[in-house]
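The values are calculated or read from the model by the stated rules, or taken from the named source; none is laboratory data. Predicted model only: the values in this text are computed from it and were never measured. For neighbour counting, all protein chains shown are included, and Cβ atoms are generated from backbone atoms with ideal geometry for every residue, glycine included.
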Amino acid sequence: MRILLVALLLTAAAGAGLYGYSHYQGLERTRQEALGRQCSERLAALREAAERYALASQAGAEAAWPQGGPAAALAPYLVGLDPAAGCPAGGDYRFPPTVTDKDGRILPPACPHESETIGKSELPNGRRGLHVLPP
Ligand SMILES: [Zn+2]
């Protein structure tokens, strides 16, 4: 009887531990997804600032960033966002070497977490709409 009781207690403790662990994983996943969405909003704000900068500076095809780089160029067009802040999940954004491509289109920055996955998720963040520009 005593052995059965101990076995039951151990099973219950293991179950609670597993539940706690999976609950933690669920919370962590939710947190990571929220950071990914915040990142996408930040990338959209940076792209919009780059469009406004390109318009104001009359940037043509393959326009180079001015002295001070993207952060200095975009700062006047961003409200409440430091252009050098980077991804909310950590890491700096990668800006292309030029503001525009050969056809004059804006080249947006990219997040280093775009190709990573959250937990055991098989799809990379970018395919899930996280850490990439919104469509
Ligand atoms: Zn990101």
Worksheet item: Has the stretch 116-134 got any residue that is assigned to a helix (DSSP H, G or I), more than 13 Å from the chain's Cα centre (by Cα) and of a type in the set (Asp, Glu)?
Response: no
Fill in: Residues located in the stretch 23-62, provided they are closer than 18 Å to residue 83 by Cα and of a type outside the set (A, V, I, L, M, F, W, C)
36, 37, 38, 40, 41, 42, 47, 48, 51, 52, 53, 57
Item to complete: Would you be able to tell me the number of residues in the stretch 28-65 that are in contact (Cβ under 8 Å) with a residue 60 or more places away in the chain and of a type in the set (Ser, Thr, Tyr)?
Response: 1
Worksheet item: Name the residues in the stretch 117-132 that are at pLDDT below 95 and touching a helix residue (DSSP H, G or I) at 6+ places or on another chain (Cβ under 6 Å), would you?
Response: 118, 119
Worksheet item: Of these, 89, 85, which one is within 30 Å of residue 26 (Cβ to Cβ), surrounded by 16 or more Cβ atoms within 10 Å (Cβ to Cβ) and within 12 Å of the ligand (Cβ to nearest atom)?
Response: 89
Worksheet entry | First in the stretch 75-95 and part of a loop (DSSP other than H, G, I, E, B), second anywhere and of a type in the set (Phe, Trp, Tyr) and buried (at least 18 other Cβ atoms within 10 Å of the Cβ), Cβ under 9 Å, 6 or more apart | 83/77; 83/93; 84/93; 85/93; 86/93; 87/93; 95/65
Fill in: Residues (surrounded by 13 or more Cβ atoms within 10 Å (Cβ to Cβ) and under 25 Å from the mean Cα position of the chain (by Cα)) located in the stretch 49-68
49, 50, 51, 52, 53, 54, 65
Worksheet, complete the sentence: The condition of being in a helix (DSSP H, G or I), within 16 Å of residue 101 (Cβ to Cβ) and more than 16 Å from the ligand (Cβ to nearest atom) holds, among 61, 50, only for 50
Fill in: Filter result (surrounded by 17 or more Cβ atoms within 10 Å (Cβ to Cβ) and in contact (Cβ under 8 Å) with a residue 24 or more places away in the chain) within the stretch 116-135
118, 125, 130, 131, 132, 133
